[in-house]
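Peer 1: After the structure tokens below, expect a handful of questions from me.
The values are calculated or read from the model by the stated rules, or taken from the named source; none is laboratory data. Given the structure is predicted, the values throughout are model-derived calculations rather than measurements. FYI the Cβ positions are ideal-geometry reconstructions off the backbone, even for glycines, and counts take in every protein chain you see.
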Amino acid sequence: MNKQQFIDSLGQRFASLPEQDQLAILRDYEAYYQQRQLDGLTEEDIARELGHPLSVAKDALFSAPPSSSWTESSLPPLPPPPEAAPIYSTDGRKPDMARLVGVGIALFFLNVMLAIPLLASVWSVLISLVASALAGMLSPLAYAAEVVWDSGFDYHKLMISLGIAGIGMLLAGLALSAGKLLYKATKAYILWNYRTWKGKS
């Protein structure tokens, strides 16, 4: 609901009042809209903040004194403005560039000195684990190729290759679980960086 729709709807609720009283009430809400727009809110945001025109009108009528005329002091108080907005905002307000630069530099050094080397090391371990699991599971194929090329079968080597394949399967299960956990942790860390830089963490 935009400003004009809100004011028109509110005016309809006060139709039974004298015209000068209607104008006094609507002027207050017009002024409130102007003030909140200077704070960076859209007309729709302000309408949501005020509430439905019917509720606003009921509050105004029931809080009015039993006199025949409205005065500025008899109008119900407008809702207080919300707390200060985040330093970085995407709703049209300008971000605090000094803060963005400062936080960006701090995050850069945190990532370069600590987070990236640590994550790279952990991911390297995971890649090594995956490679070991694949090598283990492929060991029976490697033994089969050896038998074909050398034309010799060795029962002990077959058992060893099957045992290594079993170990490879266990490592594959471990690598899968560790990979999911590491992926979630990395994604959460990247999101934390983004939210911290924007001032939303």
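Peer 1: Look at Y183 and say whether it is under 18 Å from A131 (Cα atoms), exposed (fewer than 13 other Cβ atoms within 10 Å of the Cβ) and assigned by TED's automatic domain parsing to the domain that holds G102.
Peer 2: Here the answer is yes, as Y183 does meet what is asked.
Each row is one residue, and each column tells you yes or no for (1) surrounded by 14 or more Cβ atoms within 10 Å (Cβ to Cβ); (2) in contact (Cβ under 8 Å) with a residue 24 or more places away in the chain.
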site: S161; (1), (2): yes, no
site: M169; (1), (2): no, yes
site: S177; (1), (2): no, no
site: I190; (1), (2): no, no
site: Y194; (1), (2): no, no
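Peer 1: Could I ask something else about it? Just for region 174-201: of the residues that are basic (K, R) and farther than 23 Å from M97 by Cα, which one is nearest to the chain's Cα centre (by Cα)?
Peer 2: Per the criteria, the residue is K187.
Peer 1: Okay, next question. Mind listing just one residue for me: the one in region 50-67 that is in contact with a helix residue (DSSP H, G or I) (Cβ under 7 Å, 6 or more places away or on another chain) and surrounded by fewer than 14 Cβ atoms within 10 Å (Cβ to Cβ) and, of those, modelled with the highest pLDDT?
Peer 2: So the first thing to find is which residues in region 50-67 are in contact with a helix residue (DSSP H, G or I) (Cβ under 7 Å, 6 or more places away or on another chain), and the list is 50, 53-54, 56-57, 60, 64-65.
Checking the rest, the ones that are also surrounded by fewer than 14 Cβ atoms within 10 Å (Cβ to Cβ) come to 54, 65.
Working: L54: 74, P65: 44.
Of everything passing the filter in region 50-67, L54 is modelled with the highest pLDDT.
Peer 1: If you check V103 against the conditions, is it over 27 Å from the mean Cα position of the chain (by Cα), surrounded by 14 or more Cβ atoms within 10 Å (Cβ to Cβ) and touching a residue at least 12 places away in the same chain (Cβ under 8 Å)?
Peer 2: Values: over 27 Å from the mean Cα position of the chain (by Cα): no; surrounded by 14 or more Cβ atoms within 10 Å (Cβ to Cβ): yes; touching a residue at least 12 places away in the same chain (Cβ under 8 Å): yes.
Criteria not met by V103.
Peer 1: Would you say L141 is surrounded by 12 or more Cβ atoms within 10 Å (Cβ to Cβ) and either aliphatic (A, V, I, L, M) or free of Cβ contacts under 8 Å to residues at least 12 places away in the same chain (or both)?
Peer 2: Details: surrounded by 12 or more Cβ atoms within 10 Å (Cβ to Cβ): no; either aliphatic (A, V, I, L, M) or free of Cβ contacts under 8 Å to residues at least 12 places away in the same chain (or both): yes.
Answer is no for this residue.
Peer 1: Taking the condition part of a helix (DSSP H, G or I) and of a type in the set (S, T, Y), does S16 pass?
Peer 2: When the stated conditions are applied, S16 does not pass them.
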